[in-house]
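Here is the structure we will look at.
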Amino acid sequence: MARCVGVTWFVVLMVSLTLARAEDVGGVVAEVDGQKVKIEADFEFLPGEGERLEIYVEVPDVGVAVVATAVVTGIEGDFVLARVEKATGKVKAGQKVRSRGGETTTDPIPTRPPEEPEPASPPVEPPKAAPPSAPTGEKSYFGASVRSIDRRRAEAAGLPRTYGVYIVDLLPGGPAERSGFAAGDIVLNLDGRSVYRPSQFVAIIVRIPPGSKALVEYLRGQDRRQADIELAAKPDEREFYRICLPKANAGNAWAQAVIGQCIQQGLGVQKSPEMAVKWFQASAKQGDRDGIFQLASAYHNGNGVEKDSAKAVELLRQLADAGYSLGEHNLGTMYAFGTGVTQDYQQAFQWLRRAAENDCWEAQVQLGVLYLNGWGVEKSLHETVRWYRKAAEAELADAQYRLGQLYENGVGVSQDVTEALTWYRRAADQDYPAGVYSVGLMYANAKGVTRDDTVAAQWIRKAADGGYALAQNDLATMYELGRGVAQDFGQAQSWYRKAAEAGHAMAQTNLGAMYQAGRGVAKNDEIAAECFKKAAIQGYIVGQHNLAVMLAEGRGVPRDYGAARKWFGEAADKNYAPSQVYLGYMCENGLGVDRDRQAAIIWYRRAAAQGDETAKSNLQALGVQP
């Protein structure tokens, strides 16, 4: 006689009520010996020693229940060894493990950021503040092309450290030309803020309204000067192209590279990647490093020219051999990924170290990642902290965010949530999405501040507005739960949809659950099944389970026990108890398979070992002790 498999078989795995940085399952507890845990790893990249993990279970219709946090102590074959630091429940074999942190898809070198344990000491609350507003309306421009300076140029200018940007060329009639600036000038300070690199220089400028004056401190030769510049509204794309074209036609290598980028992207002119390559080639022929780099990028991406990663490496090596950190940095990245060359972390380390020592801030972060994971060099948390800090103090937002993570988690430094929040805020001040999001999580989780869900929602909303998928999923959850915002299922489904469209598997599952239940949208099992399928294909176990249920019950898709068994099996092999129970039920009742009492018992026992009450009940009904 068939029994009820469970009360609710659709599992909605939302962000936990503490708004943890949730990511997909990364492993399963294999053995427990006191405080020592052996984890069967399923991480994309094995976590480094000292990183923190979270051991958890998933509760249907509620979310994630954290059982314990643990710190990695070593790697043994395909297993991760860890030590339990803090437990809120009993750690058992079969429980799931994850590493948590911000999105890593944009990192030049992949890494698994560390997890955050509870604060070690009572937090000290800094002044509460809502997130800063992003600039709106017209944006200012300086009217010059600038580049980062390397250590050699800094030493030649008599600078005690490497900072500032130097002017390559001036745009005719622009603010810089009208204010008397010249090619070769090194801008050190703008509007009271030290300048470290072009992107940060531009970020300062766009926050100043057009028509405003700003004080500029700069070097001409070794002569330190000051001048006021009246910034103007940035010309539109068509006007910018018109201004630069005469210089490019006259043979100006910098302008040729700029015109190539405009044509490549269709900015103010008809898009033509093939024509863009011709401009890059003309610029590169004169030895312009931007032209060489853009040509390398075109070969690497096959944009306007046949894809040729080896040619891209050749061009980058040309820059690197000339001592340009741009080439050293990107060549190191190519070796790290094995693109155009055989993957070689030792070579990656050598080139990235050269770029880092040449004060390439982005390379300093990547070098820190290599030290964190022991890729191409002996692991050293001390070196990770040192290189992250150098880049963070140079106002690189990614480094500030990563350094904040180290302080929040006590990795390589003494745990200090107040210091972590300080670095997150500095990254957020530059509108760095992961920094903005992290400030929101600190308010949500009462780390370094008093818990304030309203302020947390403001910060998370800002990151979500910036397209950050993790924040979009969390904001949707806040709307669904009415936490920090008025409960609004319509807003919840809208934000889940945005994150889902960005490929966020948890959001895809949550959106499917909204359609399955008819919350915020008209009930639609077909769309629900499609959402679950997208998450399942990415390996997300809750999506796999929910899709299997739809297939087994013929909801939104034709009934297909064979396909259902496949997806249940995917999740069950990762020790997902609800799927193990359903497989046991299928074996017991001959659904898509021959009746097999013994196989049913095996699946029920695997789930019961994780504390699943339905599995225990089904075993007792079969006359078997759990």
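The values are calculated or read from the model by the stated rules, or taken from the named source; none is laboratory data. Computed from a predicted structure; not experimentally measured. Please note: Cβ atoms are built from the backbone with ideal geometry, for glycine as well, and neighbour counts cover all protein chains shown. Just so you know, the surface numbers come from the protein's heavy atoms only, side chains and all, with ligands and any DNA or RNA stripped out. Shrake-Rupley method; radii C 1.70, N 1.55, O 1.52, S 1.80 Å.
Structure data summary
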{"quantity": "Inter-part distance where the range 423-488 and the range 271-304 are each reduced to a Cα centre, Å", "calculated": "40 Å"}
{"quantity": "Cα→Cβ-extended label distance, 7 Å offset, between D33 and R519, nm", "calculated": "4.3 nm"}
{"quantity": "Modelled FRET efficiency - R0 56 Å, R238 with D596, Cβ distances, 0.05 increments", "calculated": "0.20"}
{"quantity": "Partners for K247 among lysines (Cα-Cα distance below 27 Å; same-chain residues under 8 apart left out)", "calculated": "K139, K234, K271, K278, K285"}
{"quantity": "Gyration tensor (alpha-carbon) shape descriptor, the range 528-603, a/c threshold 1.5", "calculated": "oblate"}
{"quantity": "For G94, residues with placed amide H under 5 Å, excluding near neighbours", "calculated": "V29, A30"}
{"quantity": "Förster radius 22 Å - calculated FRET efficiency between E501 and N301, Cβ distance, rounded to 0.05", "calculated": "0.40"}
{"quantity": "Virtual spin-label span in nm between V206 and N249, 7 Å along Cα→Cβ", "calculated": "3.1 nm"}
{"quantity": "Whole-Å distance, taken between Cα centres, linking the range 156-184 and the range 552-576", "calculated": "63 Å"}
{"quantity": "Radius 10 Å from Cβ of Q472, net charge of other residues (Lys, Arg +1; Asp, Glu -1)", "calculated": "0"}
{"quantity": "Global geometry of the range 461-529, whether rounded, prolate or oblate, following the gyration tensor of its Cα atoms and the 1.5 cut on a/c", "calculated": "oblate"}
{"quantity": "Viscosity 1.002 mPa s, 20 °C: Kirkwood-radius Stokes-Einstein D of the range 226-349 over Cα pairs, µm²/s", "calculated": "139 µm²/s"}
{"quantity": "Rough spin-label spacing in nm, given labels placed 7 Å along Cα→Cβ, for Q343 and R193", "calculated": "3.8 nm"}
{"quantity": "Accessible area of K307 in the full protein assembly, 1.4 Å probe (Å², nearest 10)", "calculated": "120 Å²"}
{"quantity": "Per principal axis, descending, Cα span of the range 483-568 in whole Å", "calculated": "43, 23, 19"}
{"quantity": "Highest to lowest packing among 322-329, 502-509, 619-626, scored as the average C-beta count within 10 Å", "calculated": "502-509, 322-329, 619-626"}
{"quantity": "Two-site FRET efficiency, S272 against L81, from Cβ-Cβ distance with R₀ of 45 Å, rounded to 0.05", "calculated": "0.25"}
{"quantity": "Prolate/oblate/rounded label for the range 371-463 (Cα gyration tensor, a/c 1.5)", "calculated": "prolate"}
{"quantity": "Only Lys, Arg (+1) and Asp, Glu (-1) charged, at Cβ; the range 383-534 dipole about Cα centre in debye", "calculated": "120 debye"}
{"quantity": "Anchor K38: lysines whose Cα lies under 18 Å away (excluding residues fewer than 8 positions away in-chain)", "calculated": "K86, K90, K92, K96, K574"}
